[in-house]
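Asks: Dumping the structure here so I can ask a few things about it.
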Amino acid sequence: MVLKKYTQTQQVVDTLRKHGGYATLGNLYHLVDTKSWATKTPNESIRRIVQQSDEIFRIQPGLWALEECREEIMRKFDIQPQEVKSVEQFTHGYFQGLIVEIGNMKHYTTYVPAQDQNRKFLEKPLKDICSTICIPNFSYENLNNRAKTVDVIWFNDRIMPNSFFEVEHSTDIQNSVAKFCDLQDFYSRFLIVAPQNREEQFDKVMNRTAFKDMKKRISFCSYEDILKQYELMCREQEIRMV
């Protein structure tokens, strides 16, 4: 009897199956045992497999799941494809979570606002992956209160804000820019995180006279940029563990 070859695709599918039917691409890089693969670029092979296999579908950029588990997983994440609001809520929490995870891997203290702490990143509430659920008292009360509403903040070792992130899936970018203007006296990075197709809208907002002093300090960061940074950090973590 001739045994069928255990393919790389089957190995990725089995790995997903063992881990609840879904995984981020960054997690797959270290979950899949690629020691026997005859390639010097196993991560690229995994990326190709999830993109091309009919047995796997994409939930979000960098988040993949098994077709056989589609209904169960969409129900688990409370994603109703026909309801825009449920998709937007999942997307917002997903990218907040990725930003928090990147900050954690960079050894920053990570924070999300109280109103978002029960929002899910995959199956975990955001409060369970953040370093702190209470914003550090880093400034005057009015500035602390303003900062409390920012989607994600990274704090450095001196408990000063290193980076402020606002995730803008579909809401008005101008509101986030105005928030950043109120916090401009901090020596921090300010980033608008949004789908790539919103960069033109971001540029229009930043070209308004009211925001001219902050034009060079606020950056646009696409979802793909966040995903690449997350995957890079996951790979670096894996290398350090070897």
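Asks: How do the pairs read when you match residues in segment 106-128 that are in the same structural domain as Asn162 (by TED's automatic domain parsing) and among the small types (Gly, Ala, Ser) with residues anywhere that are modelled with pLDDT of 95 or more and assigned to a loop (DSSP other than H, G, I, E, B), using Cβ under 7 Å and keeping only pairs 6 or more apart or on different chains?
Replies: From segment 106-128, no pairs qualify.
Asks: Does Thr34 count as out of contact with any Pro (no Cβ under 6 Å at 6 or more places or on another chain), surrounded by fewer than 21 Cβ atoms within 10 Å (Cβ to Cβ), at negative phi and of a type in the set (Val, Ile, Thr)?
Replies: Spelling it out, it is not the case that Thr34 is out of contact with any Pro (no Cβ under 6 Å at 6 or more places or on another chain), surrounded by fewer than 21 Cβ atoms within 10 Å (Cβ to Cβ), at negative phi and of a type in the set (Val, Ile, Thr).
Asks: Quick check on this structure: which one of Cys181, Cys234 is touching a helix residue (DSSP H, G or I) at 6+ places or on another chain (Cβ under 7 Å), without any contact (Cβ under 8 Å) to a residue 40 or more places away in the chain and farther than 15 Å from Glu168 by Cβ?
Replies: Cys181
Asks: Name, by its number, the condition in (1) buried (at least 19 other Cβ atoms within 10 Å of the Cβ); (2) assigned to a helix (DSSP H, G or I) that does not hold for Asp225.
Replies: So the condition that Asp225 fails would be (1).
Asks: Also, quick follow-up: For segment 54-76, give me each residue that is under 21 Å from Glu224 (Cα atoms) and in contact (Cβ under 8 Å) with a residue 24 or more places away in the chain.
Replies: Ile56, Ile59, Gln60, Pro61, Gly62, Leu63, Trp64, Ala65
Asks: Exactly one condition in (1) closer than 25 Å to Cys234 by Cα; (2) out of contact with any Cys (no Cβ under 7 Å at 6 or more places or on another chain) is not met by Tyr111; state its number.
Replies: Evaluating Tyr111 over (1) closer than 25 Å to Cys234 by Cα; (2) out of contact with any Cys (no Cβ under 7 Å at 6 or more places or on another chain) leaves (2) as the failure.
Asks: Filtering segment 170-216 down to residues that are basic (Lys, Arg) and surrounded by 15 or more Cβ atoms within 10 Å (Cβ to Cβ), which residue is nearest to Glu101 (Cα to Cα)?
Replies: Arg189
Asks: Could I ask something else about it? Condition first: of a type in the set (Val, Ile, Thr) and either out of contact with any helix residue (DSSP H, G or I) (no Cβ under 9 Å at 6 or more places or on another chain) or part of a helix (DSSP H, G or I) (or both). Now tell me which residues in segment 208-222 satisfy that.
Replies: Thr209
Asks: Residues to consider are Ser163, Ser176, Ser188; find the one that is in contact (Cβ under 8 Å) with a residue 40 or more places away in the chain, assigned by TED's automatic domain parsing to the domain that holds Tyr108 and among the small types (Gly, Ala, Ser).
Replies: Going through Ser163, Ser176, Ser188 in turn, the sole match is Ser163.
Asks: Quick one: which residue in Leu63, Leu16, Leu31 is touching a His at 6+ places or on another chain (Cβ under 7 Å) and not assigned by TED's automatic domain parsing to the domain that holds Phe121?
Replies: Leu31
Asks: Restricted to segment 170-190, and to residues that are of a type outside the set (S, T, N, Q) and assigned to a loop (DSSP other than H, G, I, E, B), which residue is modelled with the lowest pLDDT?
Replies: The residue in question is Asp172.
Asks: Just one of (1) touching a helix residue (DSSP H, G or I) at 6+ places or on another chain (Cβ under 7 Å); (2) closer than 19 Å to Cys234 by Cα; (3) at pLDDT below 95 trips up Arg119, so point out which.
Replies: Evaluating Arg119 over (1) touching a helix residue (DSSP H, G or I) at 6+ places or on another chain (Cβ under 7 Å); (2) closer than 19 Å to Cys234 by Cα; (3) at pLDDT below 95 leaves (2) as the failure.
Asks: When segment 43-77 is examined, which residues are found to be in contact with a strand residue (DSSP E or B) (Cβ under 9 Å, 6 or more places away or on another chain) and among the β-branched types (Val, Ile, Thr)?
Replies: Listed by number, the residues that qualify are Ile49, Val50, Ile56, Ile59, Ile73.
Asks: Could you tell me how many of the residues in segment 150-166 are closer than 16 Å to Ala194 by Cα and exposed (fewer than 14 other Cβ atoms within 10 Å of the Cβ)?
Replies: Residues in segment 150-166 being closer than 16 Å to Ala194 by Cα and exposed (fewer than 14 other Cβ atoms within 10 Å of the Cβ): 0 in total.
The values are calculated or read from the model by the stated rules, or taken from the named source; none is laboratory data. No experiment lies behind these values; they were computed from the predicted model shown. Heads up, the Cβs are rebuilt from the backbone with ideal geometry, glycines too, and the neighbour counts pull from every protein chain shown.
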